[in-house]
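Structure record follows, encoded as structure tokens.
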């Protein structure tokens, strides 16, 4: 049963590995697991043998497409490491994890092109006040001084990046590093602990003083010691490093190589001495511990054999099998089991206590980002993480009709697992449209539907919302007459059809005098006209049109609602080809954000897609970013994100909103109409 109690300061730390796409997060976690003896040997991403990328989709694409949890113990301290995807398309997994972690290791490399990606990640951490280390990975491939690299990376961070280590060079090769806080030198050994060597000439006093100077910005006593040229005690330096890390005043920078397991032990020791624990995280969140068990849901999974599982960070108390937990739905579910996760595998474990990150089984009402408690009164969520607006859509359908219901159920499970997906049912086109964060995001979603739920899919571009209207008016008679024994059918109307201003929609009026069309039949005439608007001469719904019933006739026996409805439809359908029909396409306002150096490329992309650029401005609060505003046809927005991401090193994005309908003529309009007729 669920246990209650206060928050432990000794529970496992929860550490997120975050950073730009392909910076080596998965490889670093593999090195950590190997170094701590959690796994017998270090796997590789290329071979598909890492703990993190054990899902079929991750292995196939050789990239992380969902978060992965692994537990390790270092010097008797337990840790839960959470490897988060780096691609902006899968960033929601990281964003949903962050509120309940103790610290983050931001993995990056000396690549100027990835600074905007780094900025995206650091911004999320900064906004939540999460302590963070920066691990400068792939140091074995470095071709410039680390301090020069820091100058390149610094614009991505709002707080100083403080260099904790400097490399030892032997010619053009980095063979080790100096720990500036310890004043100790280490020589790298391949997949083994580094060898301590005399620091001697390797110590860069200028680099050490620069680190101390940054720390002294927040410590008057240290500042006085530096001014008086008094060497500060080592304990004092480490205390300041820990304090300023936890307060978010600095971001310490460590160096290493995940693939060679270099620098991993020093990273682990820094986490051990300086990273906060769950009690500090609870304080940061402002979460009041009141004797009940509580946890935060980082991720929802639907497994083939275990059913629904909620990856949960326990914030207080203890949660065991049989515990009753309730979240935002206020409906309590019984925990069917507590599981330790290692990548895609899980094993049952005893009750979890404060600090643990575990999977809880069969919590039907729990959702990602829920705050779950054992108390009778629901607690407010510690954090609400709103997904980024979607930027790309596909229409999906089951290849076999018998899978239609199954598809709906599978999509619901997929949305539970990944709230950054959304599904829209288009009543007009009868399309099921899946919206996502990019091309790979949607590809992985459809792969999961096929592989995990056994649904063969058709996928295509969603139908663009074209309409048609008229340029001139006409008066047209519509007559429906049918005689086939017994009562016949008779309805006769005269309609005055006129165009309306753009965006006015549809209006119906009547000027009948003398009862030539009995009043009880007039609503049926309007219904018939509306029927005729569903598909005009060009094949699209007709808008911005006015119809006025001005005359007609009826039969005392054969007239009926049905007959006049048919007459109204016939009148409109016969009138429209005479009214100079014209195609309309939807125009949207687009607000596109991108790094400033890519703005010229973005302008060219928008112009090449028939976009009308309205202007651009600096992105508020984002150094080195712009916002470009434009008007664009819906048809050109469809796969716009693919070009945008290519031009912006994977970080550009946009929001869009319908603005108006505009006439489309010429060859392009002819092609659209021809395609519509061919489809029909």
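Bear in mind that the values in this text are calculations on the coordinates, not laboratory data. What you see is a predicted model; the values in this text were computed from it and never measured. Please note: Cβ atoms are built from the backbone with ideal geometry, for glycine as well, and neighbour counts cover all protein chains shown.
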With Cα coordinates, the longest principal axis of the chain makes an angle with the long axis of helix 522-533, in degrees rounded to 10, of 60
Placing one equal point scatterer on each C-alpha of the chain and summing with Debye, one gets log10 I(q)/I(0) at q = 0.08, 0.10, 0.11 Å⁻¹ equal to -0.73, -0.99, -1.12
Note: segment 424-499, point scatterers on Cα, Debye, no solvent; log10 I/I(0) at q = 0.16, 0.17, 0.26 Å⁻¹ equals -0.77, -0.82, -1.17
Segment 287-373 -> Rg/Rh from Cα coords, Kirkwood Rh, value 0.92
Note on segment 392-459: the mean projected area of its alpha-carbon convex hull, in nm², is 4.1
Quick P(r) readout (segment 1-119; Cα-Cα; 10 Å bins; whole %) gives 13, 42, 32, 11, 2, 0
Rounded to the nearest whole number, the Stokes-Einstein translational diffusion coefficient of segment 95-155 at 37 °C and 0.692 mPa s (Kirkwood radius, C-alpha pairs) in µm²/s is 264
The distance between the Cα centres of segment 401-420 and segment 493-508, in whole Å, is 41
1/(1 + (r/R0)^6) with r = Cβ-Cβ of residue 238 and residue 144, R0 = 22 Å, i.e. FRET efficiency to nearest 0.05, evaluates to 0.15
Note to self: Kirkwood Rh of segment 13-276, Cα pairs, one decimal, Å, is 18.6
The alpha-carbon pair-distance distribution computed for segment 247-340, with 10 angstrom bins and whole-percent values, is 12, 32, 27, 23, 7
Using alpha-carbon positions, the gyration tensor of segment 48-103 gives root eigenvalues a ≥ b ≥ c; with a/c under 1.5 called rounded, otherwise prolate if a/b exceeds b/c, else oblate, the class is oblate
On each of the three principal axes the extent of the alpha-carbon atoms of segment 397-529, given in whole Å and largest first, is 67, 44, 21
For the residue 670, residue 123 Cβ pair and Förster radius 60 Å, calculated FRET efficiency rounded to 0.05 is 0.80
Listed with the fewest Cβ neighbours within 10 Å leading, 309, 94, 562 appear as 562, 309, 94
Classified through the alpha carbon gyration tensor (a ≥ b ≥ c as square roots of its eigenvalues; rounded if a/c is under 1.5, else prolate when a/b is larger than b/c, else oblate), segment 548-594 comes out prolate
Computed over segment 584-679, the convex hull of the Cα set has an average projected area, in nm², of 6.7
Rounded to the nearest Å, the spacing of the alpha-carbon centers of segment 264-304 and segment 609-666 is 39
Rounded to the nearest 10, the angle in degrees between the Cα long axis of helix 264-274 and the longest principal axis of the Cα atoms of the chain comes to 90
Segment 30-64 and segment 441-470 have their Cα centres apart by a whole-number Å value of 31
To the nearest 0.05, the calculated FRET efficiency linking residue 642 and residue 562 through their beta-carbon distance, R0 being 56 Å, is 0.65
To the nearest 10 degrees, the tilt of helix 667-679 (Cα long axis) against the first principal axis of the alpha carbons of the chain is 80
Note: residue 617 to residue 217 extended length (0.36 nm per residue) minus current alpha-carbon separation gives 140.6 nm
With the 8 Å Cα cutoff and a minimum separation of six or more residues, the chain has a relative contact order in percent of 11
Heads up, segment 143-211 by the C-alpha gyration tensor (a ≥ b ≥ c square roots of eigenvalues; a/c under 1.5 rounded, else a/b over b/c prolate, else oblate) looks prolate
Between the modelled labels at residue 477 and residue 541 (7 Å from Cα along Cα→Cβ) the distance in nm is 3.3
Dividing the surface of the Cα convex hull of segment 53-190 by four yields a projected area in nm² of 10.1
Fewest-first ordering of 262, 425, 92 by Cβ atoms within 10 Å yields 425, 92, 262
Per 5 angstrom bin, beginning at 0 and ending with the bin that holds the maximum distance, the Cα pairs of segment 468-579 fall in percents of 3, 14, 25, 24, 16, 10, 6, 2, 1, 0
Only helices counted: for the chain, with every DSSP H run of 4 or more residues adding -39500 (n - 2.57) and the sum spread over all residues, [θ] at 222 nm is -8500 deg cm²/dmol
